[in-house]
Structures are given as C-alpha cells and as structure tokens.
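Working notes, structure below.
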Amino acid sequence: MERKEEQNRSFAEIDNCSKDHEFHEFLKTLEQQISWDGVRFVKYQGFWCALYLFRQILSAQKHFKAKDSHIILASLPKSGTTWLKSLTFSIVNRNIYPNHEESPLFTCHTPHLFPNLEFDLYWEQENPNLQNIQNFSTHVPFHSLPKSIIESECRIIYISRNPLDMFISYRHFSLENKFVKDATPFELDEAFDMFCRGIHIMGPFWDHVLGFWNAHLENPRKVLFLKYEDLKEDVTFNVKKIAEFLGCPFSPEEEEQGVVEEITKLCSFENLKKLEVNKNGHVYGIVKKSSYFRKGEVGDWINYLTPAMAERMDKLIETKFKDSGLVFNTQSKVVKN
Ligand code: A3P
C-alpha cells in the first residue's frame, strides 16, 4: 500500500474526524486534554488517544481482520519499534533476501516495513483492502486492539522501554517535528509531570506495558514481551528468541554461517541511521524520516532529567508494577552502540 508521503496531515485538530455528526457527538462525551506539545487527546477505553488517531483506531477496531499468519508489532511510541521492525522483517524474510544488499531496508524507510494500523492503513480509509499485507504494527493498548488480533492465532511481539528514556525520546521527536505548528510546548518539568500522571500518547505507560505483560504471562506463545534494554545488552540472543517465537528458528548451519550476526549488523542503529532512505525527506508531510534515529542509547534521560524526577518515576513504577514480576531498571548506565 502506497504511503501518502507528500500529504500534509493535521495532527492538531479534528478536521479528519469531524465529517459526521454522530462521531462529533460521541467525542463530546469523552474527557479531553491538550498535551504538552499541543496535541489534543481524548480518553478512550482508559487510554489517552491522540485525537488525530481516534477515527482510525475505531475503524481498525471495527474492520481489521487478523489472520493466523499475521505478525503484529506493538509498542508505545519511542520504545524501539523501528529497530524491532527491521529485525523481525530481516528474520522472517531471510530466505527471500539471502544477500543483504538486496534487502528492502535499503530502499524503504524502515518504519514502513510494518505499516501501522492507526497511522498508515486506516488513515482516511474506513475499511482498506489489506489482503497483501502480512506485517502490521500498532501503538494501541492490548485491551483496545481489534478483537480479531486477540482471538486469532496471529503473533504479537511487544517492545517496551524504560519510561525515562521513552519520555525523552518522544520529547525530542515531538519538538523536532512540531506536530502542532502554533503550539508553544510546555517546559520539560511540566511535560514530565503530565507523563507521570499518565497523560501522554497512548498512556498511561504502566497500563500499556502491563496489558501486554499480562497477556504474555497468560499466553506466551501468542505474545512475546521484549525490552529495548535487553536488546541493547544482547541483540543476538533476542534475534534468536524472536525467530523461535515466530516458528522460524535459525538452523545450526545458519548459525555457523553467521546469519544471525549479519542480521544484527544490518539492523544496527549505525547502519540504519546512515542509509539514504532513512536520512532525507518526510513521512506524513511533516515528520522527518531521520527523526526515527536519534541516539539509540540506554540511559540518555540522565542528560535531561533531575534525580528527583527519576526518583518520582521509580516510585511510580514500583507501585504500579508491584507483584507483576516486571522490573524496569531506570537507573541503568548509558550504553553506547
Ligand atoms: P532515541 O530517541 O533515544 O535515540 P521508535 O522506533 O519506537 O519510534 O523508537 C525510537 C527510538 O529507537 C529512538 O531512541 C531511536 O534512536 C531508537 N532506534 C531506532 N533504530 C534503532 C536501532 N536500530 N537500534 C537501537 N535504537 C534504535
């Protein structure tokens, strides 16, 4: 499906959703908030949904029919989705592109390898024809996914990231791309306060993460739960884990030939960042392609947030994830590539 790269989108107002009266009336019943960067959110099924995505999410909930063979990558924005897309694509298609130089990674902006339900596929299309697509991504929380994703045998891979780095990454992404042209962004401390109150895109963070974590505990064959930090620590191990989860483990011969290492090299931050296709131009008319590749480090928050801010988040995480078995080490050191 062609991505409308040149089309300028409105991330600010509801002009893409105001066409019908019923929808407008429904909106009026929902709690709303303006985010620190000027984007309007509505609270829908317990999460903060950017208004510019709302109609698409409803359409996907209504029409998306997952097949058992589909792979769905899920995440909160800025958790390492792009990296996961490149790795998963390369794992699944390794026999089609044994020569890495022929990989679509060289010709296609990496995020587009797994088109996003709410940002790409249902944008201005109530019920698009998705027959030829196998790989999807979404930022929607587990409990608000289209039912067929949950009920079918399709596989979900979720990537999470420690909230401090995710917050800083999103802050840069939003400031760089200026989703709402006329908005004056809040200062960092106010924006962080909103984040801690759960008011951020697809937030609250803990509900999003716990939704997929619990789904993984209930059915580990259906939901694989990954952490950005774990991938940074040992990407080879995680590439093998993804391959096994998807039912296409690496053979001993492949391992011997270094296929896993080739994939990790191809999908490394340094490699993806320098590809022409990821360097220049925009998606959606306003989002710089290069802004999906910033620093790629663990612990970069330390350059922006105070110890008191980190402590506030640590306490929140401790309370919210208590008894879940899930741990986020926000105090980790910066790990360079
Ligand atoms: P930073 O802003 O901290 O650098 P998403 O893909 O979910 O939008 O997440 C974007 C974050 O992942 C950005 O983090 C980006 O730099 C980082 N990233 C992108 N590609 C990566 C890769 N191949 N390896 C590691 N990190 C990557």
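Numbers below:
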{"item": "Compactness of region 197-337 - radius of gyration and Dmax, Cα, Å", "result": "18.0, 51"}
{"item": "For the chain, calculated [θ]222 nm from helices alone, where every DSSP H run of n ≥ 4 adds -39500 (n - 2.57)", "result": "-11000 deg cm²/dmol"}
{"item": "Environment charge of Val260, counting only residues whose C-beta is closer than 13 Å and scoring Lys/Arg +1, Asp/Glu -1", "result": "-4"}
{"item": "Computed lengthening from Asn127 to Lys43, 0.36 nm per intervening residue step minus Cα-Cα distance", "result": "27.9 nm"}
{"item": "Convex hull volume of region 194-241 per residue (C-alpha atoms, cubic angstrom)", "result": "89"}
{"item": "Dipole magnitude of region 66-320, debye to nearest 20 (Cβ charges: Lys/Arg +1, Asp/Glu -1, about Cα centre)", "result": "420"}
{"item": "Carbon/sulfur fraction of accessible area - the chain, other protein chains in place, 1.4 Å, %", "result": "50"}
{"item": "Rel. contact order, % - alpha carbon contacts under 8 angstrom, at least six apart, the chain", "result": "24"}
{"item": "Greater than 32 Å apart at Cα, pairs in Lys28/Lys222; Lys232/Lys320; Lys178/Lys322; Lys288/Lys322; Lys240/Lys315", "result": "Lys28/Lys222; Lys178/Lys322; Lys288/Lys322; Lys240/Lys315"}
{"item": "Listed residue (Phe179, Ser160, His200) projecting farthest to the positive dipole end of region 156-206, Cβ model", "result": "Ser160"}
{"item": "Inter-label distance, nm, simple model (7 Å from Cα along the C-beta direction), Glu270/Arg197", "result": "4.4"}
{"item": "Solvent-accessible surface (1.4 angstrom probe) belonging to Lys240, in square angstrom, nearest 10", "result": "60"}
{"item": "Cβ-defined net charge surrounding Pro163, 15 Å radius [Lys, Arg +1; Asp, Glu -1]", "result": "0"}
{"item": "His282 long-range amide H proximity, modeled H, under 5 Å", "result": "Lys289"}
{"item": "Region 185-337 - accessible surface per residue (Å², probe 1.4 Å)", "result": "51"}
{"item": "Ranked order, Tyr292, Tyr52, Tyr304 - accessible area, probe 1.4 Å, largest first", "result": "Tyr304, Tyr292, Tyr52"}
{"item": "Computed lengthening from His172 to Gln134, 0.36 nm per intervening residue step minus Cα-Cα distance", "result": "10.6 nm"}
{"item": "Whole-angstrom Cα spans of the chain along principal axes, big to small", "result": "59, 49, 42"}
{"item": "Charge sum, other residues only, whose C-beta stays under 12 Å from Ser103's C-beta, Lys/Arg counted +1 and Asp/Glu -1", "result": "-1"}
{"item": "If the convex hull is drawn through the Cα atoms of region 75-182, its volume per residue in Å³", "result": "155"}
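The values are calculated or read from the model by the stated rules, or taken from the named source; none is laboratory data. Treat the numbers as computed from the prediction; the structure is a model and nothing was measured. Don't worry about glycine lacking a Cβ; one is built from the backbone with ideal geometry, like all the others, and counts go over all protein chains shown. Each accessible area value is taken on the protein alone, full model and side chains, heavy atoms only, with ligands, DNA and RNA left out. Shrake-Rupley method; radii C 1.70, N 1.55, O 1.52, S 1.80 Å.
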